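First comes the structure, then the notes that go with it.
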Amino acid sequence: MPIELFLTGITTSGTPHLGNYVGSIRPSVGHSLRSGVESFYFLADYHALIKIDDPARIQRSTLEIAASWLAAGLDPERVVFYRQSDVPEIPELTWFLTCVLGKGVLNRAHAYKAAVDKNTAVGNDPDSDVSAGLFMYPVLMGADILMFNAHKVPVGRDQVQHIEMARDMAHSFNHRYGEHFVPPEAAIEDNVATLPGLDGRKMSKSYDNTIPMFAPREQLKKLIGGIVTDSKGPSEPKTVEGSALFQIYQAFASEDEAKSLRQAYADGISWGDAKQLVFERIDQEIAPMRETYQSLMGNPAKIEAILQTGAVKARAIATPFMGQLRHAVGLRSLQSEADTTAKVVKVLLPVFKQYREKDGQFYFKLQSADGRLLLQSGAFASPKVVGQTIATLQTEGIVAMNSSPAPLQKGPNITESDIAAALQTLQKAKQS
Ligand code: TRP
């Protein structure tokens, strides 16, 4: 079975919430346990700089996300688990990709367009408060993926465009410099739900509607109690369509469990009871991890060591690959300049040119590297004899002029020694 390469990252800009767990952490851990899969999981802290300018928060978030991933069962022995900023090859590759990607592609990126639309709507300059980092976000993400030639990138639907852009970058680079990158594919799992948040919109830090993944039991209960519902009273039948509470439950429950809650909705379960049920079901899954999480959070040195080991593994791939890419684009040691110069010199060698004139006869001439006519032949009856004559000149040198079947004439202001030198140069070039 061919090895599939999975890769995914989480931006270290906040405390992991249940949306991150359901959408990214849980499925990625699940993938990593499958056979025939090699996984790369990382903390996208360069990405975090785009949104966060609070250094302590970035550090804290890095710790929290790493601990969450490990608590959720990620085995750092089985996967390459690293911090993006420990792999300096990634920003270097970002620059290479920046130079092959059309700017227009980035203009069309959803996140950037949304920022521009927001500005335009209120009459601001379109790029007001838009950092160049936000604009470049997809290129950094492309570098994350292409650095390890990941085939499959498990992402939410909102990230599919970024994967398409990464494919675009791979194609553009390959087109210019040869086949170096595997165009990646988005692996969208349809059974991985986008979790709604407390207000029913997608759970997201930017909406401030999240439930922290490792909220203590009491807080978890309180937060779930705050999920929006409609105003149907106890015993009134309720519908699961559009119910954030039901969707959240579904992300944790088995099919049978979901079916019975659906029935309970129809039977008029009270929102209070429904919330209690949802709370208990989520806590059942999270509680065992919560303990591991707490102990990891108390031991940042251990996490740091795990990440450093991961960085070594990641760089064992990234460093040589980047070396290959540097060479491909022409960022090369000057020692290899000798080869390049030799090629240039070859281009600048004297040349024989064979041709046919309007009289139907065949001719050749010898031109110097700078284009002067050194030798002009008379007419030959066949191109084959032209070829033979040239070959003899090349191997035997100037003396072969005497045995030519057709007359040979020196070019204007050309001496015999000019021709002899040119023939010698050709002979030497052929030998080297
Ligand atoms: N953009 C992703 C997010 O918003 C994080 C991320 C960065 C990522 N680089 C990636 C995901 C590469 C998948 C592959 O969370």
- Message: Any residue at all in segment 192-209 that's aliphatic (A, V, I, L, M), in contact with a strand residue (DSSP E or B) (Cβ under 7 Å, 6 or more places away or on another chain) and in contact (Cβ under 8 Å) with a residue 12 or more places away in the chain?
- Response: yes
- Conditions (1) surrounded by 14 or more Cβ atoms within 10 Å (Cβ to Cβ); (2) in a loop (DSSP other than H, G, I, E, B); (3) within 16 Å of the ligand (Cβ to nearest atom): number failed by Leu198: (3)
- If only one of Ser368, Ser336 is modelled with pLDDT of 85 or more and either among the hydroxyl-bearing types (Ser, Thr, Tyr) or farther than 30 Å from Ser403 by Cβ (or both), which one is it? Ser368
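Restricting to segment 22-51, give me the number of residues that are modelled with pLDDT under 95 and either in a helix (DSSP H, G or I) or not basic (Lys, Arg) (or both). Step through it out loud before you land on a result.
Going residue by residue through segment 22-51, those that are modelled with pLDDT under 95 are 22-39, 51.
Narrowing further to those that are either in a helix (DSSP H, G or I) or not basic (Lys, Arg) (or both): 22-33, 35-39, 51.
Residues meeting the conditions: 18.
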- Might you let me know whether segment 79-95 holds any residue that is part of a helix (DSSP H, G or I), at pLDDT below 95, within 12 Å of the ligand (Cβ to nearest atom) and among the hydroxyl-bearing types (Ser, Thr, Tyr)? no
- Out of Ala48, Ala72, Ala66, report the one residue that is over 16 Å from the mean Cα position of the chain (by Cα), more than 15 Å from the ligand (Cβ to nearest atom) and aliphatic (A, V, I, L, M). Ala72
- When you scan segment 217-272 for helices (runs of 4 or more DSSP H) that lie fully inside it, which ones turn up with 2 or more residues that are aromatic (Phe, Trp, Tyr)? 244-250
- Residue among Gln284, Gln263, Gln250 that alone is of a type in the set (S, T, N, Q), farther than 24 Å from Ser28 by Cβ and outside the structural domain of Arg26 (by TED's automatic domain parsing): Gln263
- Identify, from the list Gly156, Gly178, Gly142, the residue that is among the small types (Gly, Ala, Ser), touching a residue at least 12 places away in the same chain (Cβ under 8 Å) and away from the ligand (no atom under 12 Å from the Cβ). Gly178
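Tell me, which residue of segment 1-21 that is under 15 Å from Ala67 (Cβ atoms) and assigned to a helix (DSSP H, G or I) is nearest to the ligand (Cβ to nearest atom)? I'd like the intermediate steps shown before the answer.
Just the residues of segment 1-21 that are under 15 Å from Ala67 (Cβ atoms), to begin with: 10, 12, 14-17, 20-21.
Checking the rest, the ones that are also assigned to a helix (DSSP H, G or I) come to 20-21.
Details: Asn20: 8, Tyr21: 13 Å.
My answer is Asn20.
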- Note on the structure: So, first residue surrounded by 14 or more Cβ atoms within 10 Å (Cβ to Cβ) in segment 108-119, second residue among the hydroxyl-bearing types (Ser, Thr, Tyr), Cβ within less than 8 Å, six or more apart or across chains; the pairs are Ala109/Tyr137; Ala111/Tyr137; Tyr112/Tyr137; Asn119/Ser128
- Message: Testing Gln59 on (1) part of a helix (DSSP H, G or I); (2) buried (at least 24 other Cβ atoms within 10 Å of the Cβ); (3) polar (S, T, N, Q), one condition comes back false. Which one is that?
- Response: (2)
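Considering only residues that are within 16 Å of the ligand (Cβ to nearest atom) and not in a helix (DSSP H, G or I), which ones fall in segment 116-139? Even if it seems obvious, please write down each step before you answer.
In the first step, residues of segment 116-139 are kept if they are within 16 Å of the ligand (Cβ to nearest atom); the result is 131, 133-139.
Hit for segment 116-139 is Ser131, nothing else.
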- Item | Restricting segment 237-283 to residues that are touching a Phe, Trp or Tyr at 6+ places or on another chain (Cβ under 8 Å) and surrounded by fewer than 14 Cβ atoms within 10 Å (Cβ to Cβ), the residue that is farthest from His17 (Cα to Cα) | Pro237
- Task: Identify the single condition in (1) in contact (Cβ under 8 Å) with a residue 40 or more places away in the chain; (2) within 19 Å of Ser13 (Cβ to Cβ) that Leu93 does not satisfy, given that it satisfies every other one.
- Result: (2)
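To keep it simple, each residue is scored yes or no on (1) surrounded by 15 or more Cβ atoms within 10 Å (Cβ to Cβ); (2) more than 30 Å from Leu146 (Cβ to Cβ); (3) modelled with pLDDT under 95; (4) not small (Gly, Ala, Ser).
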position: Leu220; (1), (2), (3), (4): yes, yes, no, yes
position: Gly225; (1), (2), (3), (4): no, yes, no, no
position: Ala287; (1), (2), (3), (4): no, yes, no, no
position: Lys302; (1), (2), (3), (4): no, yes, no, yes
position: Arg315; (1), (2), (3), (4): yes, no, no, yes
position: Thr319; (1), (2), (3), (4): no, no, no, yes
- Within the set of pairs 6 or more residues apart or between chains, which connect a residue that is farther than 16 Å from Ile306 by Cα inside segment 55-67 to a residue that is hydrophobic (A, V, I, L, M, F, W, C) and assigned to a helix (DSSP H, G or I) with Cβ atoms less than 6 Å apart? Ile58/Ala48
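The values are calculated or read from the model by the stated rules, or taken from the named source; none is laboratory data. Keep in mind it's a predicted model, so treat the numbers as computed, not measured. FYI the Cβ positions are ideal-geometry reconstructions off the backbone, even for glycines, and counts take in every protein chain you see.
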